[in-house]
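I have placed the structure first, in the form of structure tokens, so that the comments after it can refer back to it.
Where a number appears in this text, it was derived from the coordinates with a stated rule and is not lab data. Here the structure is a predicted model, which means the values were calculated and not measured. Glycine gets a Cβ as well: all are built from the backbone with ideal geometry, and neighbour counts include every protein chain shown.
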């Protein structure tokens, strides 16, 4: 691994050397010694674990395109040292961001950091199963001099808050960095710690499954420096920049929304590769090289190009799994910054305020369902976003459907608190596939309105299958490591349903293998109606992205009454978000 430091920074090393000596004297030297890339701890041993030889001597990355490589990768030693403490004071002591949300294998990426501490260090962990540890150490930098970078500024039209920081480190990857989702852990000698996420993709991959990270939605909810798309010191922003850290511990919405599903997929050893929704925008044609696209989290903010590319993949026979809710809802544009293309995210919300109104209706940044170019998400996802916040039981509606095979679920079985904090439903007043099927039909009450959340499946004319969970409660339940054999708990039954879907996706057009036939006549499909409002329907101003990372499955309480099974989830998986 090679890296280079900004030349301007190297001039500070004589001063830093003196400071480090002082820090050694007061005990901070233990940080430098304990985190050096030459240390002989368990993480260092994991980092030196080499990958298997490439099957193509001319392409060292071909090893990541061979059957079974995900299982072999996850058999390597893992580590729980990737976890950042749940300590807000630690998060603010060292912060950073990359100038790209993803890079192709073998590429380099620029890291920009800021800290008041005299020294800091960065460690790269690939996220996965790894025997339940959740990550594997891939690389560790040497200690580097700390620099307290300039304060936040605003730039562009419309204005976006960004961090005007100079380069701290350029990280060059090579064949020892497997493609995947990474968390880079920043640590400073004053006990600071935070994350910087990055996807390492493989643009030559033809993996069965392609996992998509919803970074445009992470950024929409990111209020670092002054404002998010929702709130700010002087009101909401019309534009947000990727040239800044994420608020909180720096992980965006990865923890609690996406990591848990990645752990599940890699524990199964499925053939999977990774990219972000910005890659769907920039190189969406590559989606057709895979059999299924899996979207585990909150993928709300889409450009016109993103949506067209996803629809083109579906129409080419590529399966799509939306394992969250409120997907493909807000229409955005992406514009360049000094760091590169597509670094600013634009969302005016009000057509009358968007300069493209009357000039390019298709790209006016209202919601997709709104004028001047209404195109509701339901024609793609099958379901239609309705409301938040909600906390309700997920109720099995049609256990005869193919994905329930071997799960043990029966009609009426429940998983408590699984529906939330946002939900979707079948709404026949908007464009909806005529052959859509409902898996789960769950009564909800949201903002004084009685309605239903619908988990759905439909087959496209191309043979592709499209699944929509319609809740954020699905992915977090994938973290628990269920035993082999017949599932006996509600969570393990749900994991069996998920496995059935993913394995069907991996075989090819799942809609052709399992064509949908409308079953809407089995369910009440009337429009939602108002009830007495309750005091629990006021949303908070923070997105539900602050779930504390865990390295073991949380404890759950399970009860059974007659034929209805329920499970109580930890409160950390049921949180509220701003109105989307």
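Some points to look at:
- Here the label points at residue 525 and residue 311, each 7 Å from Cα along the C-beta direction, are separated by 2.2 nm in the simple model.
- Fully extending the segment from residue 356 to residue 369 would add 3.0 nm, taking 0.36 nm per residue of separation and subtracting the current Cα-Cα distance.
- Peptides 335-345, 352-362 ranked from most to least packed by the mean count of surrounding Cβ atoms within 10 Å: 335-345, 352-362.
- Cα gyration tensor shape for segment 73-174, rounded if a/c is under 1.5, else prolate or oblate: prolate
- When both segment 490-529 and segment 88-165 are represented by their alpha-carbon centers, they are found 39 Å apart.
- In plain terms, the chain from residue 167 to residue 116 could stretch by 16.8 nm, reckoned as 0.36 nm per residue minus the Cα-Cα distance.
- Pairwise centroid distance, computed over Cα atoms, of segment 334-359 with segment 184-219, Å: 24 Å
- Packing rank of 459-471, 438-450, where each peptide gets the mean count of other beta carbons within 10 Å, highest leading: 459-471, 438-450
- Net length gained if the chain between residue 87 and residue 484 were fully extended (0.36 nm per residue, minus Cα distance): 139.3 nm
- Highest to lowest packing among 150-159, 78-87, scored as the average C-beta count within 10 Å: 78-87, 150-159
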